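Following: one structure in structure tokens, then a few remarks.
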There are 2 protein chains.
Amino acid sequence: MKQKILVVDDESETVELVAFNLKQAGYDVISAADGEEALKKAKAQLPALVVLDWMLPEMEGVEVCKLMRRDSATAGIPVIMLTAKASEIDRVLGLELGADDYLTKPFSPRELVLRIKKILERKKSKDADVQSLTMGELTIDVPRHLASWKGKKIDLTATEFKLLTLLVQRRGRVQSRDQLLRDVWEYDSMIDTRTVDTHMRRLREKLGPAAKFLDTVRGVGYRFVE
Amino acid sequence: MKQKILVVDDESETVELVAFNLKQAGYDVISAADGEEALKKAKAQLPALVVLDWMLPEMEGVEVCKLMRRDSATAGIPVIMLTAKASEIDRVLGLELGADDYLTKPFSPRELVLRIKKILERKKSKDADVQSLTMGELTIDVPRHLASWKGKKIDLTATEFKLLTLLVQRRGRVQSRDQLLRDVWEYDSMIDTRTVDTHMRRLREKLGPAAKFLDTVRGVGYRFVE
DNA sequence: CGCAAGTGTTACGAACGGGTGACAACATAC
DNA sequence: GTATGTTGTCACCCGTTCGTAACACTTGCG
């Protein structure tokens with residue numbers, strides 16, 4: 001499954017040059033010639049990354065970048081700016097615009113490909129970290145502290161949420177009660193291991209049909225199965 | 001403990017060049033001049049990686065690679081292909097052959113060493129991740145606490161699982177009942193050694209056809225054979 | 001063959017592990 | 001203050017699992 005990259009520039013030569021090199025590097029390329037088209041395609045096709053020319057007719061590249069950041073659908077997409085003015089670099093990378101990298105024209109296509117790879121790689125490892133976890137119909141939004149089953153919210157207490165999150169993060173692998181105590185209750189915990197059982201029960205109660213994911217491995221511990 | 005690398009090429013100059021550089025880099029090097037010898041040594045010595053020339057007398061390197069992939073003993077060993085034809089690269093890396101990397105001749109020995117390091121590093125972190133033992137059709141996934149035969153799950157109790165895992169980990173070597181008691185039941189179990197027999201029996205029952213791997217060594221103990 | 005030691009097989013009571021309901025100790029909200 | 005929610009603990013219950021003993025079978029040996 002190739003990653004899609006949107007190239008935005010009004011000069012068709014630049015677009016072609018970039019597109020050729022990116023295709024060579026194994027990416028899917030779509031392009032846009034002006035800001036409006038760029039925004040539309042970005043929102044409709046959700047590329048993995050956008051290469052954006054600073055100077056665009058009518059709506060400036062700057063504007064496109066800002067608007068992309070404002071729309072939650074495109075806010076997370078990395079942007080690389082192409083610019084002729086070295087003096088604008090600070091603004092490009094600053095918070096105002098939030099581009100992820102830049103290149104000054106004329107640029108080497110090879111260099112561009114390398115930077116794209118780097119950014120996508122970084123993003124990938126970050127995504128794996130943050131994780132709003134989705135297990136079929138079960139969703140866990142870690143930063144927001146929300147869990148839901150088939151779109152319906154599940155009310156969980158803090159410990160229950162932590163416990164569930166941990167099990168999901170280590171899905172498949174069996175976790176012993178000691179391990180769970182260490183990682184959910186933080187270490188020390190002079191807490192009885194049977195307490196874990198009680199919490200598992202409460203979790204199962206609240207999860208309802210989704211409780212089938214919580215697997216007991218007798219003599220060992222608990223496990224989240226898909 | 002040095003990692004062993006098998007270098008396969010019919011030109012002794014190439015072999016020597018590669019061997020010299022690999023030894024310099026801290027690897028143990030064994031070599032083979034043709035496909036048949038390569039397969040034999042690969043299977044017998046289980047090197048950490050194989051450097052394979054595309055062109056070999058009689059049996060092509062391609063063939064060696066395919067056959068290695070087919071044998072479960074060597075299927076997991078990474079292969080780096082040396083080739084003169086840039087046009088064949090896709091095939092080399094594709095699913096058909098499953099080589100892990102390639103270099104076109106003439107190549108820089110330095111480059112080769114770097115790639116080997118990279119591949120072995122990648123493999124290492126991967127192996128640490130999936131701690132599953134595969135013995136032909138029998139698979140034991142320790143962290144998931146799952147055992148299966150020909151893809152079908154086998155329900156084992158905690159002790160049975162431990163016992164099986166231990167035997168598999170020490171496959172080939174006979175384990176006395178005392179040893180098994182110590183290592184599976186932990187501490188100085190005051191347990192009767194005959195208990196082991198009972199558990200072996202239960203294991204064999206549950207394993208069904210896979211029970212043939214569990215070997216009794218009269219007067220000594222038990223052993224897992226391939 | 002006959003014996004003894006080693007191993008397989010069977011059966012069973014006891015112990016264990018985990019589900020469950022109840023409850024006290026808190027914390028928090030009202 | 002009361003009401004409510006959360007959390008750790010306990011006691012009880014039940015099915016599973018385990019260890020053992022008794023018995024049957026196999027093997028090696030004189």
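Assorted remarks:
- Options A:LEU203, A:LEU214; residue that is touching a Lys or Arg at 6+ places or on another chain (Cβ under 9 Å) and away from chain B (no Cβ under 14 Å): A:LEU214
- Among the conditions (1) under 13 Å from B:LEU164 (Cβ atoms); (2) in contact (Cβ under 8 Å) with a residue 24 or more places away in the chain, the only one that B:GLN179 does not satisfy is (1).
- So A:LEU166, is it within 13 Å of DNA strand D (Cβ to nearest atom) and under 19 Å from A:TYR222 (Cβ atoms): no
- Restricting attention to segment A:172-216, the residues that are under 19 Å from A:LYS150 (Cα atoms) and surrounded by 14 or more Cβ atoms within 10 Å (Cβ to Cβ) total 8.
- Condition check for A:GLY221: under 23 Å from A:LEU146 (Cα atoms), within 14 Å of chain B (Cβ to nearest Cβ) and surrounded by 12 or more Cβ atoms within 10 Å (Cβ to Cβ): no
- In this structure, B:ASP141 does not qualify as modelled with pLDDT under 85, under 22 Å from A:GLN175 (Cβ atoms) and either away from DNA strand C (no atom under 16 Å from the Cβ) or exposed (fewer than 12 other Cβ atoms within 10 Å of the Cβ) (or both).
- Within segment A:143-163, considering residues that are out of contact with any helix residue (DSSP H, G or I) (no Cβ under 7 Å at 6 or more places or on another chain) and within 11 Å of A:LEU203 (Cβ to Cβ), the one nearest to DNA strand D (Cβ to nearest atom): A:THR157
- Residue match in segment B:204-220 (condition: within 8 Å of DNA strand D (Cβ to nearest atom) and modelled with pLDDT of 90 or more): no
The values are calculated or read from the model by the stated rules, or taken from the named source; none is laboratory data. Quick caveat: nothing in here was measured; it's all calculated off a predicted structure. FYI the Cβ positions are ideal-geometry reconstructions off the backbone, even for glycines, and counts take in every protein chain you see.
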